[in-house]
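Participant: Mind looking over this structure? Questions follow.
The values are calculated or read from the model by the stated rules, or taken from the named source; none is laboratory data. Quantities reported herein were computed from a predicted structural model and do not represent experimental measurements. When we count neighbours, we look across all protein chains shown, and the Cβ atoms used for this are built from the backbone with ideal geometry, even at glycine.
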Amino acid sequence: MLKLLKQVLRHTDYDKREVALTFDDGPHALYTEKILDILGEYDIKATFFLLGEHVRDYPDIAKRIVAEGHTVGNHTYSHPNLTTLTHEEIHDELTRTEQEIILATGIRPKLFRPPYGEFNELVLQVAGEMNYKTVYWSQDTNRSLDTKDWAGPIAEEILQHIKNNICSGGIVLMHDGGGDRTQTTIALAPIIEFLQNENFTLVPLH
C-alpha cells in the first residue's frame, strides 16, 4: 500500500511557484459554462474531473472543456465510494466514464480522482492497471487546499481559505457540479487575481 500511496499526486512542483485549479463533479449545464467563461477571460487552464453520467448528458460542454485547452480526468461514472466496490465494479465505473469522455471529446483521460477522496489499495491497484495517475489535492498537517465549497461557504470564505492555505505546487479542489456552485463561480475571479498578484503561475495537470 505504501508504494501505491507514493504514486498519488498531491502537488505539482514544490520548487516552482505554481498552482493547479481543479474542479470535480461536472460537467454542469450552468456552472461549468460560467467557470469556463471566467477561466477564458484570464487565459487560465485548469483540470476538470468529470463524471461519466454528466458527460453523457452534456457532451458538448465536455467537448468545450477540451477545445479550450483544459485537462479532463476521470471521476467515475456515478460518484460512488469506490472503497465499497469490487475490482470489477471499480473497473466498470472508470471504463464507462472513459468511454463517455472519448465519445464526447476524442481524448482518453490519463488522470483519475476518487470520489469523496476515498481510496484503498484496491482502488489504486485498479487505477494503475488502467494506466491512470491518481490525483488528490494538496494537504498536510498544517494546511489543506480542499476549499470545501461543497459544504456551502460563501465566496469570501472560499477565497480566504485559499489565502490561508496556498503553497507552491498546490493542487486546489473546487467543484463545478454536484450542487449549487454559485459561490464557487463568484469566488473564482478573485481567487485567480489573488494568485496572480502573489506571482503564482496557474497550470493544468497532465
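Participant: Right, Lys16: on the phi < 0 side of the Ramachandran plot, part of a helix (DSSP H, G or I) and of a type in the set (D, E, K, R) or not?
Facilitator: No.
Participant: Still on this structure: With (1) within 25 Å of Glu118 (Cα to Cα); (2) modelled with pLDDT of 95 or more; (3) surrounded by fewer than 14 Cβ atoms within 10 Å (Cβ to Cβ) as the list, and His161 as the residue in question, which single condition is left unmet?
Facilitator: For His161, the exception is condition (3).
Participant: Of everything in segment 35-69 that's of a type in the set (Asp, Glu) and in a helix (DSSP H, G or I), which residue is nearest to Asn199 (Cα to Cα)? Walk me through it before giving the result.
Facilitator: Here is the first cut: in segment 35-69, the ones of a type in the set (Asp, Glu) are 37, 41, 43, 53, 57, 60, 68.
Add one more test, that the residue is in a helix (DSSP H, G or I), and what stays is 37, 41, 53, 57, 60.
Working: Asp37: 22, Glu41: 18, Glu53: 37, Asp57: 38, Asp60: 34 Å.
Here the residue is Glu41.
Participant: Looking at (1) touching a Gly at 6+ places or on another chain (Cβ under 9 Å); (2) within 21 Å of Leu36 (Cβ to Cβ), which one does Gln99 not meet, given that it meets all the others?
Facilitator: Exception for Gln99: condition (2).
Participant: Is segment 86-102 home to any residue that is closer than 21 Å to Leu195 by Cα, among the charged types (D, E, K, R) and surrounded by fewer than 15 Cβ atoms within 10 Å (Cβ to Cβ)?
Facilitator: First, the residues of segment 86-102 that are closer than 21 Å to Leu195 by Cα: none.
Looking through segment 86-102, none of the residues is closer than 21 Å to Leu195 by Cα, among the charged types (D, E, K, R) and surrounded by fewer than 15 Cβ atoms within 10 Å (Cβ to Cβ).
Participant: Could you pull out the residue among Thr105, Thr71, Thr76 that is closer than 20 Å to Ile35 by Cα and either at pLDDT below 95 or buried (at least 21 other Cβ atoms within 10 Å of the Cβ) (or both)?
Facilitator: Going through Thr105, Thr71, Thr76 in turn, just one is closer than 20 Å to Ile35 by Cα and either at pLDDT below 95 or buried (at least 21 other Cβ atoms within 10 Å of the Cβ) (or both): Thr71.
Participant: Also, quick follow-up: Which one of the conditions (1) modelled with pLDDT of 95 or more; (2) assigned to a helix (DSSP H, G or I); (3) surrounded by fewer than 16 Cβ atoms within 10 Å (Cβ to Cβ) does Thr32 fail to meet, given that it meets all the rest?
Facilitator: The number of the failed condition is (3).
Participant: Tell me whether segment 64-84 contains one or more residues that are closer than 25 Å to Trp150 by Cα and without any contact (Cβ under 8 Å) to a residue 24 or more places away in the chain.
Facilitator: We begin by selecting, within segment 64-84, every residue closer than 25 Å to Trp150 by Cα; these are 64-66, 70-84.
Next, only the ones that are without any contact (Cβ under 8 Å) to a residue 24 or more places away in the chain stay: 84.
Scanning segment 64-84, I find at least one residue that is closer than 25 Å to Trp150 by Cα and without any contact (Cβ under 8 Å) to a residue 24 or more places away in the chain, so the answer is yes.
Participant: What are the residue pairs meeting all of these: first residue in segment 23-52, first residue at negative phi and in contact (Cβ under 8 Å) with a residue 24 or more places away in the chain, second residue basic (Lys, Arg) and surrounded by 16 or more Cβ atoms within 10 Å (Cβ to Cβ), Cβ atoms under 6 Å, and 6 or more apart or on different chains?
Facilitator: Correct list of pairs: Tyr31/Arg181; Phe49/Arg113; Gly52/Arg96.
Participant: How many of the residues in segment 116-150 are in contact (Cβ under 8 Å) with a residue 60 or more places away in the chain, surrounded by fewer than 18 Cβ atoms within 10 Å (Cβ to Cβ) and closer than 18 Å to Asn164 by Cβ?
Facilitator: Residues that pass the stated criteria total 1.
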